[in-house]
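Reading through the structure tokens given below for one structure.
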Amino acid sequence: LFGASLRATGVDVLREDDGKVIVRFASDRLSFIDTKVKTFSSAQLESIHALREKVQASGARCWFVLIPQKTCSMQTRYAARGIKNYEGETDALRKETFVQAGYRVLDLHTRMHAEGLDHESLYFRTDHHWKGETALWAAGEIAAAIGLDQAPLDVSGYEIQAHPKCFLGSEGKHLGMLYCGMDDCPIPVPRFTTRLTRQTNDESPVTGDFSQALLFEERFRYDPLEANQYAAYLDGDRAIVRIRNHNLPEGRRVLLIKDSFSFSMAPYLALVCGETDLVDTRHYDGSVMQLVQDGKYDDVLVTMSTRANSQYFEFH
């Protein structure tokens, strides 16, 4: 009823007590926006440089992958006038920071527009995260950049499981179904044979095909007002996740330093790697530097989105 009353009275901007600002696009989609540029402290800049040095000393390559935000300086128009957000400026600042620190940089925002993709349609209507098909596309772009076989990540090799009208995203939960409706939650599932093992920091290993090892489809049976169906991938954010691909036992070893955008992308990238490890600095209490030192990785990728708070870029 709250959301319905906002919709009926034409409210396009909601400022929450916790500092979040939710806006409605002219295309009738919703997103959080940042109201100031997210800069790095001197300690965080030192940490970013130190990570690159540690990665290079280990013999691996060090990457920063710019995760595109739903709001886009090249496309997004807001339903309300006078709205200003600083995500474009934050993207540019963080990209330049990692360039100056000596990282290899893959800018997925630029790639989206170079390929002529419709930016806003790549994301859920009621949430700021990208859809499963977009996560698959991103995995293919990363695979191409780091020199892996991109062919298994072609969408033609996947069945798109639709899961219609089952997902209410973070912004949708703030405003309610009567404001914005419900999202489909499409999940691309490989048609080809897969065998993987997933292990987290607090659970026993699980081995099976893509769906058995990496998806938690029971989430689609939960109440959308309570559950997060997007987290059907890997059961959402975990401190540590290790994915072993038994079809590529000698394949590339990759570490992703990640946030929530990557738990939908990593399962697809894992299909062209030998081992894919994920660490989430929002939840991990151990040493990322030690992980890099011990992991014998070929590539280490910082894939945290530019919406992430700056303190999560401190790598101890």
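Mind listing whichever residues of the stretch 213-256 are open to solvent by less than 20 Å² (accessible area, probe 1.4 Å), closer than 18 Å to PHE124 by Cβ and not in a strand (DSSP E or B)?
Within the stretch 213-256, ALA227, GLN229, TYR230, ALA231, ALA232, LEU234, GLY236 meet the criteria.
In this structure, does ARG81 turn out to be more than 23 Å from GLN311 (Cβ to Cβ) and either free of Cβ contacts under 8 Å to residues at least 12 places away in the same chain or in a helix (DSSP H, G or I) (or both)? Break it down stepwise before answering.
Values: more than 23 Å from GLN311 (Cβ to Cβ): yes; either free of Cβ contacts under 8 Å to residues at least 12 places away in the same chain or in a helix (DSSP H, G or I) (or both): yes.
For ARG81, the condition - more than 23 Å from GLN311 (Cβ to Cβ) and either free of Cβ contacts under 8 Å to residues at least 12 places away in the same chain or in a helix (DSSP H, G or I) (or both) - is met.
Take SER73 and tell me if it is open to solvent by 60 Å² or more (accessible area, probe 1.4 Å) and small (Gly, Ala, Ser).
Yes.
Consider THR194 against the criteria (1) open to solvent by less than 50 Å² (accessible area, probe 1.4 Å); (2) within 29 Å of LYS70 (Cα to Cα): it satisfies all of them except one. Which criterion is unmet?
Failed condition: (2).
Let's see how each residue does on (1) without any contact (Cβ under 8 Å) to a residue 60 or more places away in the chain; (2) part of a helix (DSSP H, G or I); (3) closer than 30 Å to GLN293 by Cβ:
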position: ILE22; (1), (2), (3): no, no, no
position: ASP28; (1), (2), (3): no, no, no
position: SER31; (1), (2), (3): no, no, no
position: LYS36; (1), (2), (3): yes, no, no
position: THR39; (1), (2), (3): no, no, yes
position: SER47; (1), (2), (3): no, yes, yes
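If I go through the stretch 145-183 residue by residue, how many of them are under 28 Å from LEU271 (Cα atoms), crowded, with 16+ Cβ neighbours inside 10 Å and among the charged types (D, E, K, R)?
Qualifying residue count, the stretch 145-183: 1.
Looking only at the stretch 299-316, filter to residues that are touching a Leu at 6+ places or on another chain (Cβ under 9 Å) and assigned to a loop (DSSP other than H, G, I, E, B); which one of those is nearest to ILE146 (Cα to Cα)?
Out of the qualifying residues, it is SER305.
How many residues does the stretch 167-201 contain that are part of a loop (DSSP other than H, G, I, E, B), charged (D, E, K, R) and in contact (Cβ under 8 Å) with a residue 24 or more places away in the chain? Quick ask: steps written out before the conclusion?
Of the residues in the stretch 167-201, the ones part of a loop (DSSP other than H, G, I, E, B) are 168-169, 176, 181-182, 184-186, 191-195, 201.
Keeping just the survivors that are charged (D, E, K, R) gives 184, 191, 195.
So of that shortlist, the ones also in contact (Cβ under 8 Å) with a residue 24 or more places away in the chain come out as 191, 195.
Number of matching residues: 2.
Give the residues of the stretch 148-166 that are among the hydroxyl-bearing types (Ser, Thr, Tyr) and either touching a residue at least 60 places away in the same chain (Cβ under 8 Å) or not in a strand (DSSP E or B) (or both), sorted by residue number.
The one that is among the hydroxyl-bearing types (Ser, Thr, Tyr) and either touching a residue at least 60 places away in the same chain (Cβ under 8 Å) or not in a strand (DSSP E or B) (or both): SER156.
The values are calculated or read from the model by the stated rules, or taken from the named source; none is laboratory data. Note that the coordinates shown come from a computational prediction; the quantities given were computed from them, not determined experimentally. A quick note on method: Cβ atoms are made from the backbone with ideal geometry, for glycine too, and the neighbour counts reach across all protein chains shown. The protein model used for the area step is the full one, side chains on, heavy atoms only, and it has no ligands, DNA or RNA in it. Shrake-Rupley method; radii C 1.70, N 1.55, O 1.52, S 1.80 Å.
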